[in-house]
Amino acid sequence: MTNEPQREHMQLHNDVFAFHGPHTRAADTLRATLARIVLSDSHAKCLAVVSCSSNAGRSVVAANLAVLLARSGQRTVLIDAARQRAQQHLLFGIEPDFRVAQITAVPGLTVMRATDSHPSLADTLVDAPAQFSQLITDLRAEYDCIVIDTADHPDDLDAISAAGMSDGALVVVQRDGTRLQRLRKLTTELRDSASTILGTVLTDS
């Protein structure tokens, strides 16, 4: 599936508040969101984090969700599947050309950059979805939880495709920033693709 993960000693960005301030209001809000998902009938193990724009804070939400899951004792893998404006290497202080990294500061957390695989797993989301679907199947056997940081919608169809391969989508909405028309388009396409919307996270990004 992948090469042996490299062990990284890195400095996590301040935006990874679930690490730096695990008892802050922001962390508690995400923790409550996860609790609602766990207590629902969805039995979600693989979450796709989606948004309508690049500045909604989607990548930050995905990173913090992954940290919270790992810290709760769940073996967690975070997949950065954004073909443009990939952020996870910046948030976790990883070299830009990494493929797989174990986050030693957060035991149980692995970060994978899909765009640097060959062929790009992010490209296969739309062009060859069976390959990405097989990756998810393999990861389900290895990890307790999978978080996918998707590309910006509606720039491409990656968010819809990733949500369809997941147990559901978590929609990130920027307060006073996300246009209602774009949000409606995203939620309509998610439902049309038979994706389950697990919840919404409101950000101030």
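Things worth noting here:
- Criterion violated by Ala86 - all others in (1) crowded, with 21+ Cβ neighbours inside 10 Å; (2) modelled with pLDDT under 85 satisfied: (1)
- Scanning segment 189-205 for residues that are hydroxyl-bearing (Ser, Thr, Tyr) and either touching a residue at least 60 places away in the same chain (Cβ under 8 Å) or open to solvent by less than 50 Å² (accessible area, probe 1.4 Å) (or both) yields Ser193, Ser195, Thr196, Thr203, Ser205.
- Look at (1) at pLDDT 90 or above; (2) surrounded by 19 or more Cβ atoms within 10 Å (Cβ to Cβ) and you find that Thr104 fails only one, number (2).
- Screening segment 123-150 for residues that are at pLDDT below 75 and either of a type in the set (Val, Ile, Thr) or part of a loop (DSSP other than H, G, I, E, B) (or both) and picking the one that is nearest to Leu198 (Cα to Cα) gives Val126.
- If you go through segment 168-182 and pick out every residue that is surrounded by fewer than 19 Cβ atoms within 10 Å (Cβ to Cβ) and either in contact with a strand residue (DSSP E or B) (Cβ under 7 Å, 6 or more places away or on another chain) or assigned to a strand (DSSP E or B) (or both), you end up with 1.
- Residues of segment 51-66 that are of a type in the set (A, V, I, L, M) and at pLDDT 90 or above: Val60, Val61, Ala62, Ala63, Leu65, Ala66.
The values are calculated or read from the model by the stated rules, or taken from the named source; none is laboratory data. Please read these numbers as outputs of a predicted model, since none were measured by experiment. Note that each Cβ is placed from the backbone with ideal geometry, even for glycine, and that neighbours are counted across all protein chains shown. All accessible areas refer to the heavy atoms of the entire protein, side chains included, with ligands and DNA or RNA removed. Shrake-Rupley method; radii C 1.70, N 1.55, O 1.52, S 1.80 Å.
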